[in-house]
Each structure stands twice: as structure tokens, then as C-alpha cells.
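The values are calculated or read from the model by the stated rules, or taken from the named source; none is laboratory data. Just so we're clear, the structure is a prediction, and the values are computed from it rather than from any experiment. Please note: Cβ atoms are built from the backbone with ideal geometry, for glycine as well, and neighbour counts cover all protein chains shown. SASA here: full protein model, heavy atoms, side chains in, ligands and nucleic acids out. Shrake-Rupley method; radii C 1.70, N 1.55, O 1.52, S 1.80 Å.
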Protein chains: 4
Amino acid sequence: MAASAPYGRRVRIDLNADLGEGFGVWSLGDDDALLGIVSSANVACGFHAGDPSIIARVCRTAAHRGVTVGAQVSYRDLIGFGRRALPMDPSDLVSDITYQIGAVWALAQAAGTSLRYVKPHGALYNTAAVDESVADAVARAVAQAPIDGALLPILCLPGSVLARVASARGLIVVAEAFADRAYSPDGMLVPRSEPGAVIHDPAAVVARCLRLAAGDGIVAVDGTVLSVQAASICLHGDTPGAVQLGEQVRAALEAAGVTIAPFAPAPVRG
Amino acid sequence: MAASAPYGRRVRIDLNADLGEGFGVWSLGDDDALLGIVSSANVACGFHAGDPSIIARVCRTAAHRGVTVGAQVSYRDLIGFGRRALPMDPSDLVSDITYQIGAVWALAQAAGTSLRYVKPHGALYNTAAVDESVADAVARAVAQAPIDGALLPILCLPGSVLARVASARGLIVVAEAFADRAYSPDGMLVPRSEPGAVIHDPAAVVARCLRLAAGDGIVAVDGTVLSVQAASICLHGDTPGAVQLGEQVRAALEAAGVTIAPFAPAPVRG
Amino acid sequence: MAASAPYGRRVRIDLNADLGEGFGVWSLGDDDALLGIVSSANVACGFHAGDPSIIARVCRTAAHRGVTVGAQVSYRDLIGFGRRALPMDPSDLVSDITYQIGAVWALAQAAGTSLRYVKPHGALYNTAAVDESVADAVARAVAQAPIDGALLPILCLPGSVLARVASARGLIVVAEAFADRAYSPDGMLVPRSEPGAVIHDPAAVVARCLRLAAGDGIVAVDGTVLSVQAASICLHGDTPGAVQLGEQVRAALEAAGVTIAPFAPAPVRG
Amino acid sequence: MAASAPYGRRVRIDLNADLGEGFGVWSLGDDDALLGIVSSANVACGFHAGDPSIIARVCRTAAHRGVTVGAQVSYRDLIGFGRRALPMDPSDLVSDITYQIGAVWALAQAAGTSLRYVKPHGALYNTAAVDESVADAVARAVAQAPIDGALLPILCLPGSVLARVASARGLIVVAEAFADRAYSPDGMLVPRSEPGAVIHDPAAVVARCLRLAAGDGIVAVDGTVLSVQAASICLHGDTPGAVQLGEQVRAALEAAGVTIAPFAPAPVRG
């Protein structure tokens, strides 16, 4: 398919998942298995999950497998797993995010790789998608934390306030789509509180991913085809069957001639 | 004195103090006043004290005043202020320290300066001074976290296990002496639990600092002169009268022709 | 004045202040001095401030001086000092508050006193004053945590949603007024963000307290007299000059023949 | 067997397990399943694991099933899961433990049951078993925190320093034995770092429990029979197969005519 792909069709796509979301004795999801599936690892930075030992371990495995490391920055909220929008002074939020980026960068570097992108987690992802001041705080933090001499791209929802604000600041914005979330006709995600918000049928998830890789957009819940162009597909890692589903997605993409590759390549180990 | 200083005499010395040791609403010491006195700021990294907003503020003021920023890495122990030697797997300690170095580096860079050295805090300072495996963990963490392409020097006690281990790993070790702590004839600090451990007489503290700047060593409690060569003098910032004492020390050194300057110059702001 | 007080006039009033708001090495306010002024101590429970050692120390001093101990329950938010309204499932909030009540009760009991009331702190105070579901969570928590066989009263803002909801659940509600906060003509506090929100003139603060003790209500910013009946006056303990101001208030009240006494007497030590 | 049990033989025994050891989004072990097996629940108190919502949930289920609630008090060490012996001032440790006892008591009471015993967790269990000052801190905390008018018994290792110290303070000490841990001939547990420390053979675990219920002691690794009399058997809940093993133990005990019952009955719900 790669050779015969018509003009405009992707022949490669990135798969990303949230990783390193344990803390101390607690684990969440199967990091090792997912690192065999994805090409980009959104590594928890210690604020919603992820202690330094876990971050180091994920970074080492990612480095070993050529998976790119990103910092999944979050509100400081271990007890709430970063899922609560915390009222914060924007300048404090900027500092919190900068701190997390630096922390994960140092561990990534020590693991023989580096940090290549930033993705907000949970409530920060959702709030930055709609709130100008939160989006601006995320963008300012990334803009003031160049890594290896370059500003990091932000992985986020296409069409979001964060995507617009970050672009306006000169940051590279990488669009992602969700493998297993239902979309409304307006391009927004169906809220998790509504029935059908999460797609459980593996065949439907695989079909979604094949369309995305082909650049054919997303079919919304009412059949509308959304012209979403996503450079990365987000797989959920902490749901039952996540690993099996991820393996199916990857296998189907590869069978269709799609190359799974990070949107921001990891540095070659010295 | 600078012009007429005999061969081997210092004409410049560094003053360092622990800064950024508040947390949230709580403060400790007068960061702003101390940043007008010292040439090197040991910035708390969030593990014993120091939240990202505090770190950012200290780094900005330090950048503005030409004070060099160092990372004062610690055991993860907010409730104990990093004063307890925590039993830890050395590899976990390495990750904890690397995380802290990266976090403060990112905030220092965002503040227009950078990170120029590492100093262990509290129990980590004391344990790394005597325990081979802890010292090795500190040295490994610093060795795996080059900043701006160079390994950071470690500010520590001359003659300590950490000094030896870090040197053996190829790290630069910078020796410090304490302005207001009594020394035993063997070169060790008199434990705080003993009477006279802390020198409260300003004249004695100033005399100590003048001797150190002149390269004349330290007078121990029994009168023995210890041939300590220290490139930096540690001022305590959280004791009553700390600021006044620091001002006296600085004024006396300058009056004696000694230049107060960081052992590792801060980068020039672009 | 006590003997000649006209019908309806108070001859006694309670003074309360927030205490135990340090954490580990950090302190906030002068607990010891304030325990010589107030009759009721709102003891931080560890969620916004206050570690068990601090709580124990405050309870012991309170027991020694006959000061009544209350639990100042809060959102779990050390970094934000409980000043942020956190989005929470109400049932989680109920559990958080119950936990705090039990924790302080055990330390109060161990100190030879007991726990006699609950007061929400910071954002929880403000939110419970206006939000039905948060107020209900506070009331449910108190209602499910009887101490020594009796339900604890809630110290709160008269006219607030919490006051209404708690009363409806059969809880005793004790009204408090603020010694140094400006009131709007509608009985609400002037927000801190507005000029004049805090009264800094000691004479005005003393006059406010004398009126409250006499049952003469509060003079709002526009001169309106609010018919507030408060059984307790809240003194702020963490502002500069707080202790001196508190001493002036207490002295003026006593000089006017008002007895300073807890609204809920502490148990007699066995 | 119950009817024909020779003089001195138990016909009832308690089964205990550590429960409520999740935190926020993280879980550990299967609380619900274990609450169908054990008669006593060692509930984490929030210092090594267990947030108030989790504690409340475990207490409610325990109340519903007639399982007795105990407080599994710990060092304050979420990141280390309470498995590290932390250097602490004993008086601080006393306050920490008292705080935890009160917190769990309040939630247990709110759940319609109460708190009936205390068991130290992890490093505190091990340290209190051998260190006089730590054992004394645990005993003092329990002695100063009577619940419902009575001092709580301490569940601990027979022959330990804690058992001796607590008895000397007039506390009831309840001895426990481990279902799946190898014992040395001197009655101590084989350290986990040694091979064979944990018994994985279900038949051997069941045989151990049947002996304990019959008062026949424990067979040590070298065949020595230790005359341990244990009123409670500790089942591990966080190991793979823990639930199945617990079900086998319970079934085998019941088949042998042994009644599984708490050593300290839960209060009858009003």
C-alpha cells in the first residue's frame, strides 16, 4: 500500500500511549507491553503519577526500543491522578510544567535518549483545550524550556485552544486522534459520561486507525466524516484489554503497509 | 590586600547559602536579602522544600543579580525537611537526584540563567560524606546529568567520601567550609548536639571567613589550625540574624580586598 | 458592665483563631501567643497544614490553658494551603472530613482535652458558605462523626448555606464574625481582592469586637448596621501584628466587662 | 473436630489480612474478595496507603460482613509503602500513630462499626518487633488513644519487643502467625531476601493453618516444632493467587470444624 498510496495519503503514523503511571509500589497499565506497541511514550512526570524510578525505567526501555519520549505534564494532584481542573495562578502553572519538563528530560537523557515532545495529561489536557489562560500557560512553559536547543512540539487535540495558542507562540503543534473514543459531528469527543463514549469493538477501533493512517478522517457518531488529519493516534493503556487492542491496531496498520514511527524521532544513542 | 596578597593567597572567594526553602504558603529564611549577599545559591529542588514557583522566583532574582544557581538535591522528605537519612535503594536515589537536577535546570534556564553545580542537602550531605554507596549514588546522578554539555561540579565537604568518589568519577569537586560551625581537630564538624557546635559571635564568624579567604585554614575548637582550602563559604540562611551576619561577613571580606564571586560563573544573559 | 448589661446584651463571647498551621519545619503564626488570647483553637488537621506533632503540641497547650479545641477541616491541598476550591465528588469530601475529625480528636484526647467543634478552612469555608453540595458534605461528615457521644457544632458564617444545611440536619450551628474584615451592606465579606477588605486600624477592630460582644451588630462599609449576632469572633493569626492586635482586642473586651469564654467548654481534665 | 477437640485445642481462630492499600486511582489486592475470607481487616490509615475514600469503603464492607476493623498504622511513607524504617523522634511517631488511629476510628464509626485493634505495618512492624524505643512509641500511642472507652489490643508477633513492651503498659497483646512465611528454629521469620522465605505450596500453607488452629504450633524450616500459640493467622493479600489461597485456607479450616471468628468482635450495628 505504501508504494501505491495515492497522493495525500499517509504511509506512516505515530502511536502514542500514557506510560509510567504507577507510583511507588502501585502500578497502572503494562508499560513494558505497551512500549512494544507504541512509537511515542507520554511519560508521567511525577505530578499525577510517575516517580523518578518509574520514569527512569520507562525511559530506558523506550531508548532501547527506539520509542520517543514525551513529557506528560499535569496538575500537581497525585490523589486525583491529575483528573481535576485545579484553580491555579497561571504563572504557578507555568512553573509546575517547566519543572516537570526538566525532570523528565534529565531522566530521559540519563537513559540514553532525550525528550522530544510535551503532552498535557487529564484535566490539564481538557482545560487547555478550551481555556485560553490555561492553554497559554502550557504554551509559555514549553516555549521557555527548549531541550537540546530546540523548542518541543506539543501533542494535542486538533482545533483546540491549546493548538491555536501554541501555534501563535511559534511552537510546533502535532495533532492526535483517539483510537477508541467516539467523536461528535462537531469534532469534539463525546464526554465519557455519555453512553458510547468509548468504543469497545476492536474491529471498529482498528477501522478508525486505518482511516486515520490513510488520511481519511474520522467517522463521527452520526456518520459524519470529520476531516481530521492526525499525525499520532492515542491508544489507552490502562483499560482492560488495552495491550491486546493495541497489538491488533499495530498489526492491522502494518498489514496495510503503514509504518508505525514516531512523529519526533528519538535521538540515536551514542 | 588583593594587590599585595602573598603568593598562594586567595583574592576571591565564593559565598553560598541554601535558598528557596519555603513550600507553598510557608517561607524559611529571607531569600531576597540573601541573594544580595551570596554569589552562589543552593536552590531547594522540591524534595525537602521548594515548590516550582519558589524555585522560579529564586532563579529569576539570582539571574538578575549575577548569582550562580546550584541544585540542592535532597532525599524526598518534605515532612522531615530532608534531615533524615532515608534507607533507599541506591538506584532509586540516583533517579531522585537526576529528576531534581533536571527540574531546577529547566526553571533556571527559563529564568535566563542556568544550573552550574550540585550540592546535597541535609541528611544527604551528611550521609554522602561518610557512606560510600550514597556518595556513589550522588556522583552517578551528577555524572549522568550533564547540563549545557558539561558535567556539573559538586559542592561538598573537603575530605569527605563524596569528594573522593566524585573525583574518581571525573567530576569536579569544589570544597566548602562553614562560616559558623565549630570544627574538631580532625577536620570534622562538631555535631549540632554538642555545645558550641554553632558559632554565634559575629566577630569569630568574620575572622573565620577572612582566614578562609586568605587561605589560612580553619581554627578548630582546640586551637589547631586545619589547612582547609575552601573555594566557597557556606552561610546559614535560616537562623535568626542570618542576614545581618551575612552582610557583616561580606562587608568584612570586601573591606579586606577579597572579591566575592561565584566559583562557577552564571551564564551571561542573552 | 456585666452586671448592668441591658437585656439581650452579651456578657461573654468566644474568640477563635486558626492554629497549628505549620508543617514540619515550617511555622505560620505564633501558636503559643495566640493560645494565650483565644478561647477556641481552630486546629489544622493535616490536609492544608498541621502535622500530627504540631497538632499534638497545640492540643496540649490548649488543654493546659483551658482553650477549646476545634477541627479546622480542609480540602487536601498542602501546596495550596487549602485556599483552592477543589472539584471533588461529595462522598470523597465527606470521607476526607471525617478522617480529619477523627485524627484531631485522637490527638486532642491524648492531650487531655477533646474535640468540641468543627470549622471549615479556607476554600472549604467559602465554598460551603454558598454551595449546597459542599455544605451538605461538610454537614454529613460532622453528622456521622459524633465525639464523646454528641454531634459537634459547626462554627461558620451566619446566613451561609452551610449554616442552613447543617441546621436542617440537626446540627448546632455557631455563628462567627470577623474582627478585621470589612462587611458589605448585604452581610457578606468584602472580597480580599478589593481595597479596604481588611481593617488594619486597631481602634476600628477593637470597636468592632466591642459591638459584637454587646450584641450591637456590625457596621458595614457604607455605615449600615448589620444585626449580626455572633457567639464567636475570628481573629486572624497569621498576619503581621496579629498577636498584638489580639491582645488589644482581648484587653478591651475584658476592660468592658466581657468574659472571654469558649462557646463549647473544653472537658475538665481528669 | 470441634466437639472432640482435646483440652487446650482451639476450635476457633481469626484470619487477618492487610486491606485498603490502594491510593487514589491505584489499587492493590482485592479488598472485596478478601473481606469474604478474613475475620479481621488491617485497614491502611493513609500513611503508607489508603485514602479516606478507600478506608470508608473497606469499613463499610467490613461492617456489612461482620469483619472486625483494625488500624494498620505505619510510618508516613507513601512512596516507600511504609516499608522503610524511618529515623524519627519517638514523640513524633507517637503523634503520627495516634493521628492514624483516630482517623480510621472516625471512618469506621461512620461506617456503622468501630475500631477494635491496632497492627503496625511493614517497617514499623519489623522495627517495633526488635527496637525498644519504636515499640514503646507504638504502645504509648495505643495507650493514649482509647476507643469507645477501652484500650485497643495490639496484633503483633509473639515474642517480639513490641509484645513485651505493650504488655508491660497494660495493653492486650494478640499473637499472630503467618500462613505463608517460613520460620527459623528460633521462632523468627526467614528474611524475604533468603530463598524459601515465602511458602508457595498451597498444601503446606493449609497444613500450617490447620496446625495453628489446633494449637499445634509451627514447623520451622528445619523441622523443629515451635510452640507458637497464635490467636490470628495473617494471610497476605497482595500476592498473585492470594484470594484463591485464602479461600482454600478458610475452606480447610471450616472443614476441620474450626470457626473463623474475629479475636475482637465487631460491634453490633445499631
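Do any trypsin sites (Lys or Arg not before Pro) in the range D:115-209 lie in a loop, going by DSSP, with at most 12 other beta-carbon atoms within 10 Å of their beta carbon, and if so which? Display every interim value, and only then the final one.
Values: sites: D:ARG116, D:ARG140, D:ARG164, D:ARG169, D:ARG181, D:ARG192, D:ARG208; in loops: D:ARG169, D:ARG192.
Passing both the DSSP loop test and the Cβ count: D:ARG192.
For peptide A:78-90, what's the mean number of Cβ atoms from other chains within 10 Å of each residue's Cβ? Write out the running numbers ahead of the final one.
Working: counts 8, 13, 8, 4, 2, 3, 4, 2, 7, 7, 4, 3, 0.
The per-residue average across the peptide is 5.
Using only helices, what value at 222 nm comes out for chain A when you add -39,500 (n - 2.57) per DSSP H run of length 4 or more and divide by the total residues, to the nearest 500 deg cm²/dmol? All intermediate terms of the calculation are to be shown ahead of the outcome.
Working: 8 runs with 95 residues, N = 270.
Rounded to the nearest 500, the figure is -11000 deg cm²/dmol.
For the pairing of chain C with chain B, what total accessible surface becomes buried, with a 1.4 angstrom probe, in square angstrom to the nearest 100? Mind dumping the intermediate values first?
Numbers: alone 11610 and 11570 Å², together 22050 Å².
The C and B chains share an interface burying roughly 1100 Å².
Within the range C:159-189, whose backbone N sits under 18 Å from a point 7 Å along Cα→Cβ of C:GLU132?
C:159-170
Of the DSSP beta bridges with both residues in the protein assembly as shown, give the percent that are antiparallel, rounding to the nearest 5. Before the final figure, lay out each step's value.
Working: 24 of 132 bridges.
Percent antiparallel among DSSP bridges in the protein assembly as shown is about 20.
Put +1 on the Cβ of every Lys and Arg and -1 on every Asp and Glu Cβ in the range B:12-260; which of B:ASN16, B:ALA182, B:LEU235 then has its Cα farthest towards the positive end of the dipole?
Result: B:ASN16, furthest along the dipole toward the positive end.
Nothing charged except the Cβ atoms of Lys and Arg (+1) and of Asp and Glu (-1): what's the magnitude of the dipole of chain D about its Cα centre? Round to the nearest 20 debye. If you can, show how the numbers build up before the last one.
On the way: 20 positive and 25 negative charges, 137 e Å.
With only Lys, Arg, Asp and Glu charged at Cβ, the dipole is about 660 debye.
Can you give the FRET efficiency to the nearest 0.05 for C:VAL198 and A:ASP186, using r as the Cβ-Cβ distance and R₀ = 56 Å?
Details: r = 47 Å, r/R0 = 0.84.
Step by step, r from the Cβ atoms, then E = 0.75.
What average count of beta carbons from other chains do you get within 10 Å of the Cβ of residues in A:18-24?
Values: counts 0, 0, 0, 2, 1, 7, 12.
Mean partner shielding for this stretch: 3.
Under the definition of partner shielding as Cβ atoms of other protein chains within 10 Å of a residue Cβ, what is the mean value for peptide C:53-62? The partial results should precede the final answer.
On the way: counts 10, 2, 3, 8, 2, 0, 1, 0, 0, 0.
Partner Cβ neighbours, averaged per residue: 3.
Restricting to the range A:12-260, compute how many DSSP beta bridges are antiparallel as a %, nearest 5. Present the calculation step by step, with values, prior to reporting the outcome.
Working: 6 of 33 bridges.
In the range A:12-260, DSSP labels about 20 percent of beta bridges as antiparallel.
Please work out how much accessible surface B:PHE23 shows to a 1.4 Å probe, ignoring ligands, DNA and RNA, in Å² rounded to 10.
10 Å²
At 7 angstrom along the Cα-to-beta-carbon line, where would the label on C:GLY241 sit relative to the other copies? Give the distances in nm, shortest first.
Inter-copy label distances (nm, one decimal, shortest first): 2.8, 6.8, 7.3.
Roll a 1.4 Å probe over the protein chains and send me the accessible area per residue for the protein assembly as shown in Å². Write down the numbers at each step before the final one.
Numbers: 39110 Å² over 1080 residues.
Per-residue accessible area for the protein assembly as shown comes out at 36 Å².
Over all directions, how big on average is the projection of the convex hull of the alpha-carbon atoms in chain D, in square nanometres?
Working: hull surface 55.3 nm².
Here the figure is 13.8 nm², rounded to one decimal.
Taking the Cα centre as origin and putting +1 on Lys and Arg beta-carbons and -1 on Asp and Glu beta-carbons, what dipole magnitude results for the protein assembly as shown, to the nearest 20 debye? Don't skip to the answer; put the middle values down first.
Working: 80 positive and 100 negative charges, 1 e Å.
Roughly 0 debye for the protein assembly as shown.
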